[in-house]
Amino acid sequence: MNEVYIPEIFNENEGELHIENVSLKSIAEKYGTPVYVTSALRIEQNYNEILQAFRKRLDNFSIKYAVKANSNPNIIRILAKMGAGADVSNLTEYELAKLGGISDKKIIMTPNNMDAQSLREMSKKGITINFDDINQMNSVKDSLPEIVSFRINPGRGRGEFPGTTTAGPEAKFGLPLEKAMEGYSMAKEAGATKFGIHMMTGSNVLDPAYFGSISSVIFDLSIELSKKLGIEFSYIDIGGGFGVPYRPGETRLDMDKVAENICTEMKRKFSSAGLKIPDLYMEPGRYLVSDSTVLVGKVTNIKDNGKIFIGTDMGMTTLLRPALYGAYHHISPVISGAKGKTIEHCKIVGQVCENTDVIGEGRTFPTLSVGDLLAVFNAGAYGYSMSMNFNGNLRPAEILIRDGKDIIIRRRETVQDIVQTVV
Ligand code: LLP
């Protein structure tokens, strides 16, 4: 099977691609292109899938949505209404989570190299912080949060790309295993009485066995720390990283198996150590939002230079992942073309003055013409949130589909928007 996995919210009707039965062509006509189009239903389905898989095994399980994946407050609100908390990495993401309706007590912060003043500000609000380093904890020793937690680098990590592998010797994140004892004992000396522990080892992993095995490292460590330091962990946060199928032939991560692997290990290890099972937190970003969204763009030129370049109004400024990591996003015409005729090995590019300005390469399409619409799948995670204004490109609009209706959740940027900070 070499098909690309596409969720059921997408369907073809009379040769036209629809999302939740709304025609993408009509959205493009109404709002222009490029445009991000998101299904609220799909986000809810993804959230429920994770929640059910874990809650049937563990009552004290919570999801902290990693806001960095898609930080539109209207998207955050969908998850907030379902009961999600948020993982934020800085003060702006904190404000966005609040705008999305998530209360302080459900927000957790996992900052990296944050200044002491910002750490203190968060701590004073009662936000739990997963400290990235002992120095960072020490910098706010006089006003520690109620629960002190460290992000642990378990010495190995796994991600789809080197750039998205966030643990192991090359990663800038977290406290190495061998410094964990020192960190927690210093926190205890500084007066902390409640503790948490966190890891985030890489992004877009499709192997369910990995999550059980890497979580076990943290389970073992927290048991060791509990025994040696006489402390108790209120929560264990296993971060995000849960992958989605982007490429042909990839299958959806078996979330039930992920939950089984993690929960079985956790219950077994804590019970045999005679310790109370801490709350379990998970911080998925991609898994919740990636496949809820397509980016729709328009063909603006077709150039045959020996190699065929499909020029579009999308590019690395609209969707950075292909340029930054060589990431694959499935692309398909919104209106299926004449059967039989194809253009092969083409490169889909944008209008940016960089040769890295690529959305996809080596692709085969039915014959395309200028003005045709293309849908880029899995654009919901790290799509808009990593978009930018380089070359004066204006960021697109974002549309939410809810119960068959299209709702604009972010208008297209204007030149005025990008010059308003100029003094
Ligand atoms: N928690 C923390 C502390 C994180 O740093 C991240 C992602 C997550 C949770 C969520 O991970 P997810 O479930 O989405 O894999 N820009 C890259 C992904 C970088 C992920 C960085 N941290 C990409 O486009 O693939």
- request: Please find the FRET efficiency linking Asp417 to Asp279, where r is the Cβ-Cβ separation and R0 is fixed at 41 Å, and quote it to the nearest 0.05.
  value: 0.50
message: Need one number: nm distance between label points at Val370 and Cys353, each 7 Å from Cα along Cα→Cβ, rounded to one decimal.
response: 2.3 nm
statement: Taking a ≥ b ≥ c as the square roots of the eigenvalues of the Cα gyration tensor, with a/c under 1.5 meaning rounded and otherwise prolate when a/b exceeds b/c and oblate if not, the stretch 110-284 is oblate
field: DSSP beta bridge pairing in the chain, given as percent antiparallel to the nearest 5
entry: 50 percent
query: For the chain, list the DSSP H helices whose alpha carbon atoms reach 30 Å or more along the long axis and whose average Kyte-Doolittle value is 0.0 or above?
result: 208-229
- prompt: Taking Lys303 as the anchor, which lysines have their alpha carbon closer than 20 Å to its alpha carbon, excluding any fewer than eight residues away along the same chain?
  reply: Lys341, Lys347
query: For the charge dipole of the chain, defined by +1 on Lys and Arg C-beta atoms and -1 on Asp and Glu C-beta atoms about the Cα centroid, which residue among Asn70, Ile147, Leu51 has the Cα displaced farthest towards the positive pole?
result: Ile147
- line: Surrounding charge for Asn113, neighbours by C-beta under 10 angstrom, Lys/Arg +1, Asp/Glu -1, total -2
Dipole moment magnitude, nearest 20 debye, the stretch 107-172 about Cα centre, only Lys, Arg, Asp, Glu C-beta charged: 100 debye
- request: Determine the alpha carbon to alpha carbon distance for each of Lys68/Lys106; Lys124/Lys227; Lys227/Lys269 and list only those over 21 Å.
  value: Lys124/Lys227
message: Can you give me the distance in nm between label points at Ser103 and Asn2, each placed 7 Å from the Cα along the Cα-to-Cβ direction?
response: 5.3 nm
field: the stretch 48-122: C-alpha gyration tensor shape, a/c 1.5 cut-off, then a/b vs b/c
entry: prolate
field: Cα-only Debye scattering, the chain: base-10 log of I(q)/I(0) at q = 0.12, 0.15 Å⁻¹
entry: -0.98, -1.38
message: Cut-off under 21 Å on the C-alpha distance; same-chain residues fewer than 8 positions from Lys30 excluded. Which lysines are left, in chain and number order?
response: Lys298, Lys405
Ranked by how many other beta carbons lie within 10 Å on average, peptides 312-319, 227-234, 358-365 from highest: 312-319, 358-365, 227-234
- request: Just need the relative contact order of the chain here, percent rounded to a whole number, with Cα pairs under 8 Å and 6+ apart.
  value: 19 percent
message: I need the calculated FRET efficiency for the pair Asp220 and Ala116, taking r as the beta carbon distance and R₀ as 45 Å, to the nearest 0.05.
response: 0.90
task: Might you report the magnitude of the Cβ-based charge dipole of the chain about its Cα centre, with Lys and Arg at +1 and Asp and Glu at -1, to the nearest 20 debye?
output: 480 debye
message: Can you order the peptides 118-131, 270-283, 2-15 by their average number of other Cβ atoms within 10 Å per residue, highest first?
response: 118-131, 270-283, 2-15
- line: Once Ile408 and Lys81 are pulled to full extension, the length gained, defined as 0.36 nm per residue separation minus their Cα-Cα distance, is 115.8 nm
message: Less than 15 Å Cβ to Cβ from Gly230, Lys/Arg counted +1 and Asp/Glu -1: what total charge do the surrounding residues give?
response: +2
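None of the figures in this text is laboratory data; all of them are computed from the coordinates on show. What you see is a predicted model; the values in this text were computed from it and never measured. Every residue, glycine among them, receives a Cβ derived from its backbone with ideal geometry; neighbour counts consider all protein chains shown.
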